[in-house]
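Okay, structure first, notes after.
The values are calculated or read from the model by the stated rules, or taken from the named source; none is laboratory data. This is a predicted model, so every value here is computed, not measured. Don't worry about glycine lacking a Cβ; one is built from the backbone with ideal geometry, like all the others, and counts go over all protein chains shown.
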Amino acid sequence: MERKKLLVTGGARFIGGNFVQYMVDKYPDYDIYNLDQLTYAGDLTKHKQIEDKVNYHFIKADIANREEIFNHFEKEKFNYVIHFAAESHVDRSFTDPEYSYIPMYWEHRCFLMRQKNSSQLNLFMSQ
């Protein structure tokens, strides 16, 4: 049986990072992919204890880069996506729309990939 693949966006940040660590330890039979752009809020030092585990994989990528994201989806064929990537200062989105694009881009990308993969992709989004 093929291993299940879970993609976690924002996995180098506080909430996503804790979730990634939990999943890597709790589900050794799942491949956990941590996708993060590593901007001001991203920090991989919290993953030192899991970075050598065979079921942990890190992808440095920007979820707004459609081609790059689609390539990762095509290559890995993720079964599940849990979306934690977001700007840490939500209140900024009230005055600067630039801060609200991440959820919109990502949701659109995920729905396109789900459509392309005949609904075989399970999505969980936190916003």
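Going through the range 47-87 one residue at a time, which ones are within 14 Å of M23 (Cα to Cα) and of a type in the set (K, R)?
Once the filter is applied, which keeps residues that are within 14 Å of M23 (Cα to Cα) and of a type in the set (K, R), the range 47-87 yields only K53.
Run I15 past the list (1) crowded, with 23+ Cβ neighbours inside 10 Å; (2) hydrophobic (A, V, I, L, M, F, W, C); (3) closer than 17 Å to A85 by Cα and report the number of the one that doesn't hold.
Going through (1) crowded, with 23+ Cβ neighbours inside 10 Å; (2) hydrophobic (A, V, I, L, M, F, W, C); (3) closer than 17 Å to A85 by Cα one by one, I15 breaks only (1).
Quick one: in the range 20-35, which of the residues that are among the hydroxyl-bearing types (S, T, Y) and in a strand (DSSP E or B) is surrounded by the fewest Cβ atoms within 10 Å (Cβ to Cβ)?
Y30
Could you list, in sequence order, all residues of the range 1-44 that are of a type in the set (D, E, K, R) and more than 9 Å from the chain's Cα centre (by Cα)? Before you say what the answer is, go through the steps one by one.
Step one: of the range 1-44, the residues of a type in the set (D, E, K, R) are 2-5, 13, 25-26, 29, 31, 36, 43.
E2, R3, K4, K5, R13, D25, K26, D29, D31, D43 - these are the residues of the range 1-44 that are of a type in the set (D, E, K, R) and more than 9 Å from the chain's Cα centre (by Cα).
Can you give me the number of residues within the range 11-35 that are modelled with pLDDT of 90 or more and farther than 19 Å from N79 by Cα?
Summing the residues that are modelled with pLDDT of 90 or more and farther than 19 Å from N79 by Cα in the range 11-35 gives 2.
Go through L38, L7 for me and flag whichever is of a type in the set (A, V, I, L, M), part of a loop (DSSP other than H, G, I, E, B) and either crowded, with 16+ Cβ neighbours inside 10 Å or modelled with pLDDT under 90 (or both).
L38
Identify all residues within the range 56-73 that are over 12 Å from the mean Cα position of the chain (by Cα) and surrounded by 16 or more Cβ atoms within 10 Å (Cβ to Cβ); write none if there are none.
Matches in the range 56-73: Y56 only.
Do we have any residue at all in the range 61-77 that's in contact with a Lys or Arg (Cβ under 7 Å, 6 or more places away or on another chain), at pLDDT 85 or above and of a type outside the set (A, V, I, L, M, F, W, C)?
For the range 61-77, residues in contact with a Lys or Arg (Cβ under 7 Å, 6 or more places away or on another chain), at pLDDT 85 or above and of a type outside the set (A, V, I, L, M, F, W, C): present.
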